[in-house]
Amino acid sequence: MLNNVSYKKIWQISLPIIISGVAQNIVNVTDTAFLGQVSNVALGAAGNAGILYFVIIITGMGFTTGTQILIGRRNGEQNYKQIGKITDHTFYFIIPFALLLFTIVQFYSSNFLSEIIKSENILIAANQYLDYRIWGIFFAFINFTFIAFFVGTTQTKILSYVTILMMVVNVILDYILIFGHLGFAPMGVSGAALASVISEGIAFLFILGYTLTKVDLNKYSLFKFQKFESKLFFRLFNVSSPIMAQNFLSLSSWFIFFMIIEKIGETELAISHIVRSIYMVLMIPLFGFSNATNTLVSNLIGENRTESVLPVIKKIILLSLACTFVLSLICFFIPELLVSFYTSDSLLISQTVETLRVINITMFFFCVSFILFNGVTGTGNTRASLLIEFINIVIYLASAYYIGITLQSSLPVVWASEFIYFGCLGLLSYLYLKKGNWKSLNI
């Protein structure tokens, strides 16, 4: 039982997720910084191929987000035995799905990239990156399932441990494999991809060992792998499939956004990936609080405390804004220092800072809208969240294309299209939470 959901309780659930985000973003920052020392082509290629990879795996994460919502609901109902069944049925789907996506990428990614990347140098490096990176899909999908279990049951402490381990391994291997230290040949973008795969594999071994030794498997009927229940699976798929589509659309839109920038120029693409890396750091508290929003809303509805949902969301928004404000101050006062971590090119630094100032402001819109949006998802009405996402993406990409390609605006102006996206996202999410029928929804 959640009892009173105070600021302290929200913080206790969110903090391990935030720490996990810190570690994960150190990985992203390190990859970007190391590859920035190799070349702008390596930086842009790994950035674009990395986004494509995340577009692929985000669909699997969508399924496990649905798992997390159902686990949260059952945890609120104190129906613990059902949690293990839900987790096991997620494995029944997620592993074959990983194999399917892996096969598709192996056969078709090269042709796909050649159709959308203009620069031949970037195309070659992007294919090199993806050839290694796609092997991590199996570890990633299984790890997402474990994370769904722990977050759904509000046992988030493990996330700190596993992600810090993954971070340490990845940073060390990046240094060794990208540049060729300790007797290894320099691998460039391929080394960055291989380091990520190995670190995900080690994270999987750690989280599996932790689950087997620290979790009460009998309480949750976990790893029983009982007979496949079609009714349970279709209930899970009914909640998860809209999130899968939503995540795919969301990340695809970002991938398309960077393809728009790639058509503007290689320098603009390199700048944008530096900005993206810093953007991800600014998002760390937000992602932790948004994940907590999902599970808290689902648990509260499971406890029949729907009247507490909006007040709790308000508390989460205030905490998220406070944390983001602190990070934004750092970004506002020392932007050149932050960018210099990625490149020593003084012209590139000054050009990047201009765009970074735009992002620093959009983060506050992001905080409010994304927490509200995750509140919608946490209610279990994932079709509503999919519709909201679809409407926003259409408006966002149309705006970005018009601003960047038709008007040929400067890069900071192109990035200002983020204001349009988050403004619409927040408004539609708030209207649904105030007027929608989510209180009577049974999942």
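The values are calculated or read from the model by the stated rules, or taken from the named source; none is laboratory data. Not measured: the values here are computed from a predicted model. Counting neighbours? That spans all protein chains shown, and the Cβs are built from the backbone with ideal geometry, glycine included. For accessibility, only protein heavy atoms count, side chains too; no ligands or nucleic acids. Shrake-Rupley method; radii C 1.70, N 1.55, O 1.52, S 1.80 Å.
So which residues in the stretch 66-82 are more than 22 Å from S440 (Cβ to Cβ) and buried (at least 24 other Cβ atoms within 10 Å of the Cβ), if there are any at all?
So in the stretch 66-82, the residues more than 22 Å from S440 (Cβ to Cβ) come out as 67, 80-81.
Within the stretch 66-82, T67 is the sole residue that qualifies.
I need the full set of residues from the stretch 210-251 which are among the polar types (S, T, N, Q) and open to solvent by 20 Å² or more (accessible area, probe 1.4 Å), in order please.
At the first step, the residues of the stretch 210-251 found to be among the polar types (S, T, N, Q) are 211, 213, 218, 221, 226, 230, 238, 240-241, 246-247, 250.
Within the stretch 210-251, T213, N218, Q226, S230, N238, S241, N247, S250 qualify.
Could we say that F149 is open to solvent by 30 Å² or more (accessible area, probe 1.4 Å), in contact (Cβ under 8 Å) with a residue 60 or more places away in the chain and assigned to a helix (DSSP H, G or I) here? Write out each step before concluding.
Numbers: open to solvent by 30 Å² or more (accessible area, probe 1.4 Å): no; in contact (Cβ under 8 Å) with a residue 60 or more places away in the chain: yes; assigned to a helix (DSSP H, G or I): yes.
No: the conditions fail for F149.
List the residue pairs whose Cβ atoms are under 7 Å apart, where the first residue sits in the stretch 115-126 and is outside any helix (DSSP H, G or I), the second is modelled with pLDDT of 75 or more, and the two are 6 or more positions apart or on different chains.
I117/L123; I117/A126; I117/E262; K118/E262; K118/K263
Can you pull out every residue in the stretch 366-380 that is β-branched (V, I, T) and surrounded by fewer than 24 Cβ atoms within 10 Å (Cβ to Cβ)? Steps first, please.
Start the filter on the stretch 366-380 by keeping residues that are β-branched (V, I, T), which leaves 368, 371, 376-377, 379.
Matches in the stretch 366-380: V368 only.
Quick test for you: out of R235, R276, pick the one residue that is within 30 Å of T343 (Cβ to Cβ) and of a type in the set (K, R). Spell out how you get there, then give the answer.
Details: R235 fails: within 30 Å of T343 (Cβ to Cβ).
The match here is R276.
Does the stretch 334-356 include one or more residues that are aliphatic (A, V, I, L, M), touching a Pro at 6+ places or on another chain (Cβ under 6 Å) and without any contact (Cβ under 8 Å) to a residue 40 or more places away in the chain? Even if it seems obvious, please write down each step before you answer.
Here is the first cut: in the stretch 334-356, the ones aliphatic (A, V, I, L, M) are 334, 337-339, 347-349, 353, 356.
This time we only want the ones that are touching a Pro at 6+ places or on another chain (Cβ under 6 Å), so: 353, 356.
Next cut, without any contact (Cβ under 8 Å) to a residue 40 or more places away in the chain only: 353.
The answer is yes; a qualifying residue exists.
Which one of the conditions (1) within 12 Å of F257 (Cα to Cα); (2) in contact (Cβ under 8 Å) with a residue 24 or more places away in the chain; (3) among the hydrophobic types (A, V, I, L, M, F, W, C) does F390 fail to meet, given that it meets all the rest?
Going through the list (1) within 12 Å of F257 (Cα to Cα); (2) in contact (Cβ under 8 Å) with a residue 24 or more places away in the chain; (3) among the hydrophobic types (A, V, I, L, M, F, W, C), F390 breaks only (1).
Between residues in the stretch 78-89 that are touching a residue at least 40 places away in the same chain (Cβ under 8 Å) and residues that are assigned to a helix (DSSP H, G or I) and among the small types (G, A, S), which pairs lie under 8 Å by C-beta distance while being six or more apart or on different chains?
I83/G152; T87/A148
Checking I134 against (1) more than 19 Å from M61 (Cα to Cα); (2) buried (at least 22 other Cβ atoms within 10 Å of the Cβ); (3) not charged (D, E, K, R), which test does it fail?
Here I134 clears every test but (1).
Given the residues L327, L300, L321, which is the only one that is in contact (Cβ under 8 Å) with a residue 60 or more places away in the chain and surrounded by 15 or more Cβ atoms within 10 Å (Cβ to Cβ)? It would help to see each step written out before you state the result.
Numbers: L327 fails: in contact (Cβ under 8 Å) with a residue 60 or more places away in the chain; L321 fails: in contact (Cβ under 8 Å) with a residue 60 or more places away in the chain.
Testing whether each residue is in contact (Cβ under 8 Å) with a residue 60 or more places away in the chain and surrounded by 15 or more Cβ atoms within 10 Å (Cβ to Cβ) leaves just L300.
Please list, ordered by residue number, the helices (runs of 4 or more DSSP H) wholly in the stretch 364-435 having 1 or more residues that are touching an Asp or Glu at 6+ places or on another chain (Cβ under 7 Å).
Values: elements: 382-401, 411-415, 417-435.
The qualifying helices (runs of 4 or more DSSP H) are 411-415.
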